[in-house]
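Report on the structure given below.
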Amino acid sequence: MRVRATAATAALLLAALTACGGGDDGGTAAKGKASTTAPAVDCMDENISQADWMAHCSDEGAEPGGDSTGRQATVLEFGESYTWPDGLEVTVVDAKVFTDHDEDLLESPEPGNTDFRVGLKLENGGTGPVALDDLSLIVEGATNGGEAVFTLFSKGSQPLEGRLAPGVSTTKNHDNSIESQYGRKIVVTVQRSSDDSSLAFPEFNGTITE
């Protein structure tokens, strides 16, 4: 009886050890099947690595459905229009050489530069007034570089200021001077001050004409 009891006890112990071993294997297998999905990248995290930013957040590297918050440029030609989500529509109508300087105000052309005036059309198709001084222009040469300098010629000046009521359209202009070496092909970028960091800044391509 003692031998049988010992054998039975040994058999029971062996079965228990086998069961424990199987439990370990199962745990290892479970661990091996843990999710390998990469965590979502937070593009607003100040500590994000450059590699993650380029892969997931930049305009060039953002994956479909990524968390990119960069502005997207909208490229148009003179005479075409762009409308922002609130209904404000802007058109760069033309850019013409300016020669009507007011000598009484000591205005005069600068040698080696081309003075010109950019014509704008604005229409408020939204439901609330729009502050026109929230708009500003950057004018760059489109051939071999260069950037125009903002100026203000008194005769015929219609600066971007005041408010535009809903349903109203108006024309404004923006005076500039650029070194003649940069040619007459230009890109006019219309910027708009806003708390919305994704708001587009449309670009208008055209030529300074006489």
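No lab work stands behind these numbers, since they all come straight from the coordinates. Quick caveat, the model's predicted, so the values are computed rather than measured. Heads up, the Cβs are rebuilt from the backbone with ideal geometry, glycines too, and the neighbour counts pull from every protein chain shown.
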*Which one of N144, S180, V93 has its Cα pushed farthest toward the positive end of the charge dipole of segment 90-191, where Lys and Arg give +1 and Asp and Glu give -1 at the Cβ?*
V93
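Please give the direction-averaged projected area of the C-alpha convex hull for segment 74-209, in square nanometres with one decimal. Provide the component values of the computation, followed by the final result.
Details: hull surface 33.5 nm².
That works out to 8.4 nm².
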*Residues in segment 180-210, backbone N under 17 Å from the label point at D134 (7 Å along the Cα-to-beta-carbon vector): list them, ranges by number please.*
190-202
_Residues of segment 109-137 with backbone nitrogen within less than 19 Å of a virtual label 7 Å along the Cα-to-Cβ line of Q158, please, listed as ranges._
116-126, 130-137
_Distant-in-sequence amide H partners of E107 (H built 1.01 Å from N, under 5 Å)_ = D102
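Could you work out the relative contact order of segment 74-209, using alpha carbon pairs under 8 angstrom and six or more residues apart, expressed as a whole percent?
Working: 320 pairs, mean separation 42.7, N = 136.
In percent, rounded to a whole number, it is 31.
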_Under a Cβ-only charge scheme (Lys and Arg +1, Asp and Glu -1), can you give me the dipole magnitude of segment 74-209 about the Cα centre, in debye to the nearest 20?_
320 debye
